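Remarks on the structure that follows.
Nothing in this text is a laboratory measurement; each read-out follows from the coordinates by a stated rule. Everything numeric in this text was worked out from a predicted model, so none of it was measured. Cβ: placed from backbone, ideal geometry, glycine included. Neighbour counts: every protein chain shown.
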Amino acid sequence: MYVVTLPSLVAGACLLCTSPAQAQQSPVQPHFDLADFHAPLRIDNPYSAMKPRTRAVLHELEDGECKVNDVVVTDQAKHDFGGPYAGLAARAVRDRVWADAACDGTRGLLLEDTTDWYGQDDRGNVWYFGEATVEYAYDAHGHRIDADRSGSWIAGQDGAKAGIVMHAKPMPGMYYRQEYLKGEAEDAARVQRIGLTVTTALGRFRDCVETRETTALSPGDVEYKFYCGNVGLVRVVSPSADGGAETVTLAVQ
């Protein structure tokens with residue numbers, strides 16, 4: 001059992017901030033070139049490192065409901081991409097979400113089961129090459145009644161394009177696509193601030209980056225994510241009129 005303590009955020013200096021007037025109005029589609037990927041499975045960007053067999057456990061609280069999110073970097077890779085991505089190898093990351101009815105860390109019904117594919121280019125940018133995802137629905141008795149696979153996509157299929165989830169050198173104002181398949185996967189991120197100090201239940205971290213993530217498929221939704229050097233993702237805040245949601249990383253193994 002664990003006790004959830006929602007973190008506080010202490011903002012450090014905002015280095016090289018971009019004013020709203022200077023900010024890009026549309027996300028950039030990153031240019032992919034297979035020649036830039038000599039060792040794509042070695043993902044060691046300090047803000048989003050993915051060493052095989054690394055595991056992170058996160059806790060989400062939204063409108064009084066809790067979930068446990070378990071993310072495992074596997075030692076497996078996907079090699080069967082097509083189109084301009086043919087010949088690429090991408091690291092498989094398993095991401096599962098369980099209901100936590102008592103908000104005490106107990107894993108109940110499996111709500112989501114996703115395998116994501118990532119790779120790092122020679123400059124140190126971490127790319128996102130797709131996902132196979134399924135979201136489960138249950139009846140009042142806990143019996144599974146539906147499995148929704150919408151949102152799944154693979155770079156190179158049906159016009160889908162890879163995006164970047166973390167730049168090697170994130171700078172405020174960068175605005176870029178993280179994924180693209182029209183009508184299915186249209187997430188984008190903007191770097192808000194760098195050089196932050198963030199305090200969570202895991203501890204106090206310096207050299208953190210804040211991103212603002214949105215999707216054209218649901219314009220009102222927004223997530224603020226905080227990544228810290230040599231740790232990775234430590235906090236996600238999703239504000240809304242009804243209180244929104246907050247996700248914190250409780251353990252990295």
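Things worth noting here:
- Listed values for the range 192-205 are Karplus-derived 3J(HN,Hα) couplings in whole Hz (6.51 cos²θ - 1.76 cosθ + 1.60, θ = phi - 60°), namely 8, 8, 10, x, 8, 10, 10, 10, 9, 5, 6, x, 10, 10, and x replaces Gly and Pro.
- Amide H contacts of residue 193 (H built 1.01 Å from N, under 5 Å, at least 5 apart or other chain): 210
- Database remark: amide H of residue 200 closer than 5 angstrom to the amide H of 205 (H placed geometrically; neighbours at sequence offset of 5 or more, or on other chains; Pro and chain starts carry no H).
- Note: relative contact order over the chain, using C-alpha pairs below 8 Å and six or more positions apart, is 22 percent.
- Three-way shape call for the range 88-129 based on the alpha-carbon gyration tensor, with the a/c threshold at 1.5: prolate
- Note, ³J(HN,Hα) from phi for the range 160-169, Karplus 6.51, -1.76, 1.60, rounded to Hz, x at Gly and Pro: 6, 10, 6, x, 10, 9, 7, 6, 5, 10
- Overall form of the range 8-252 per C-alpha gyration tensor (a/c, 1.5; a/b vs b/c): rounded
- Three-way shape call for the range 107-219 based on the alpha-carbon gyration tensor, with the a/c threshold at 1.5: oblate
- Across the range 28-40, coupling constants 3J(HN,Hα) worked out from phi with the 6.51/-1.76/1.60 Karplus curve, θ = phi - 60°, read 7, 7, x, 7, 9, 9, 4, 5, 8, 10, 8, 9, x Hz, and Gly and Pro carry x.
- Leading residue at positive end of dipole, the range 8-252 (Cβ point charges), from 29, 68, 228: 228
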